[in-house]
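Let me begin by presenting the structure, written as structure tokens, before commenting on it.
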Amino acid sequence: MSSRTATVFIGDVALDEYFSAPVWPGVGDKAWVSTETAEVGGMIANAASVHAALGADVRFLTTMNDSAVSRRLLADLVDQGIDTGLCRVDPRLADSRCLIFLVGDQHVVITPEIGDQRFELDESTLAELAGSRSVYSSIGDLRRLRHGQLAPAQILSRIRQGGARIVLDLDVGDLADGDAEIIGCVDVCIVNRIGFERLAAGRTVQQTVSALLEAGMTHLVVTQDEDGATVYSTGGADVVPGIRAAVVDVTGAGDTFCSAFLFALDRTDDPALAARFANGAGARATERHGARAGVASVTEIVAYLAAAGHDISALEAALLPADLS
């Protein structure tokens with residue numbers, strides 16, 4: 001395990017504006033929706049908040065304007081115990097917002113464009129990223145990396161050569177030109193079943209997994225909601241059963257899983273055990289409202305798994321201090 005401490009999360013923090021509707025309208029329909037409470041969210045910020053609550057050293061890098069909304073978003077990160085010293089300001093950008101429509105036990109997310117958002121890295125910042133424990137981001141955010149004339153994949157290669165682990169939450173994002181080069185620089189990739197189908201692009205599961213691992217990826221995690229997850233590593237595949245949760249809101253559950261998986265993997269080097277812990281963290285998050293519902297301590301997540309009837313002895317031994325286990 002690495003002696004480095006900080007994990008740097010690169011991506012957006014946003015004001016999540018919630019609405020609820022009985023059904024999702026079709027094209028040309030009109031619909032009334034109920035306005036719910038707005039909360040601070042953002043896919044990468046959610047993951048960063050989960051990581052910090054688990055006890056990790058977390059830094060955050062984004063580019064945003066200097067409006068009252070932006071200041072509120074950054075202040076919330078600081079309140080979560082996250083270092084925002086790497087964040088950049090670009091007054092040309094619009095406020096970072098996310099519209100989330102709750103429909104039954106699922107959700108529809110609409111993210112307005114905020115402008116030409118770039119993550120400009122100087123040599124000092126690039127060195128900090130290379131010296132971190134891990135760099136965690138999404139495919140859309142990694143496309144925004146800039147350093148001189150280097151392409152995003154070249155920037156990631158430099159960070160990786162410095163010893164940092166590159167972690168990608170691929171989610172369901174559509175792949176674009178150049179993404180194959182970016183994915184080729186990733187050590188850990190976490191993707192749900194829809195995203196995996198897009199990643200496979202007509203290849204079989206085995207062909208897709210083999211190609212990624214042969215290219216240098218160490219862990220490919222495919223999540224399947226309540227059906228659990230499969231972790232493909234150079235040592236083989238681990239199928240980890242899911243948890244039947246009393247779902248209230250799935251917003252942020254995927255972010256919670258990814259962040260919790262990385263936390264446990266960093267501390268155990270055991271991908272199957274990390275996936276068990278992440279399943280508990282993600283399932284627990286769905287039973288609460290809000291994108292930050294996954295924010296919890298290790299003790300709370302282990303207790304949730306115990307209440308669900310899971311054997312927690314290995315997790316206690318690996319993740320909890322001796323006086324708490």
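Readers should treat all values here as calculations from the given coordinates under stated rules, not as data from a laboratory. Model, not experiment: these values are computed from the prediction. Quick reminder, even Gly has a Cβ in these numbers, built from the backbone with ideal geometry, and neighbours come from all protein chains shown.
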Taking H as built 1.01 Å from N, whose amide H comes closer than 5 Å to the amide H of R97, not counting residues under 5 places away?
L15
Let me check against my output: what whole-number percent is the relative contact order of region 140-196, with C-alpha pairs under 8 Å and at least 6 apart?
36
Looking only at region 1-146, where both bridge partners belong to it, what percent of the DSSP beta bridges are antiparallel (to the nearest 5)?
30
Could you grab the relative contact order for the chain? Cα pairs under 8 Å, six or more apart, rounded to a whole percent.
16
Quick check for you: which residues of region 172-213 have the amide N under 20 Å from the point 7 Å beyond the Cα of V109 toward its beta carbon?
172-176, 179, 183, 188-200
Beta carbons within 10 angstrom, averaged per residue: use that to sort the peptides 193-204, 244-255, 92-103, 274-285, highest first.
274-285, 244-255, 92-103, 193-204
Can you pull the percent of Cα pairs in region 149-188 with separation above 17 Å?
28
At 222 nm, what helix-only mean residue ellipticity would the chain give, in deg cm²/dmol to the nearest 500, using -39500 (n - 2.57) for each DSSP H run of four or more?
-10500 deg cm²/dmol
Taking the highest mean first, how do the peptides 163-174, 78-89 order by number of other beta carbon atoms within 10 angstrom per residue?
163-174, 78-89
Under 19 Å from a point placed 7 Å out from the Cα of V27 along the Cα-to-Cβ direction: which residues of region 146-173 have their backbone N that close?
none
Considering only DSSP beta bridges with both partners in region 118-226, what is the antiparallel share in %, to the nearest 5?
5
Distance between the C-alpha centers of region 139-154 and region 273-309? Whole Å please.
33
Report the dimensions of the chain along its three principal axes from the alpha-carbon atoms, largest first, rounded to Å.
49, 49, 47
Sequence-separation-based contact order of region 141-268, relative, with Cα cut under 8 Å and 6+ spacing, percent:
17
